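A quick write-up on the structure given underneath.
Laboratory data are not the source of any read-out in this text; all were calculated from the coordinates shown. Just so we're clear, the structure is a prediction, and the values are computed from it rather than from any experiment. A quick note on method: Cβ atoms are made from the backbone with ideal geometry, for glycine too, and the neighbour counts reach across all protein chains shown.
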Amino acid sequence: MNLDRVTSLKASDGHSIPALSVSPASPRRGAVLHPYGCSKEHMLGLALGLAGKGIASLAIDLCGHGENMSAIGPGVYHAQRESRSPSPARLCCGWV
């Protein structure tokens, strides 16, 4: 099992998305999103549990949380309702 800091994720507006990757040797993958007021580190227990089940995950800091200094946008709720399968890079730009 590997725990790595990811520095290559970029949002569509160009800002970096801080993330931690937890990965076993597995082709199955998922994203772990924290609730309001938390950060990616709060989700490591879940990410490690998923890794123990053979599922690699990526825990990111959403806008305005943890190491992500970008502002929380006003269109977050509406974007969530309109998007059925957002990419991790879009999650931090009002696509929660």
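List of remarks:
- Cβ crowding within 10 Å averaged over residues, with 60-66, 35-41 ranked highest first: 60-66, 35-41
- The modelled label-to-label distance between ILE72 and LEU46, using points 7 Å beyond Cα along the C-beta direction, is 1.6 nm.
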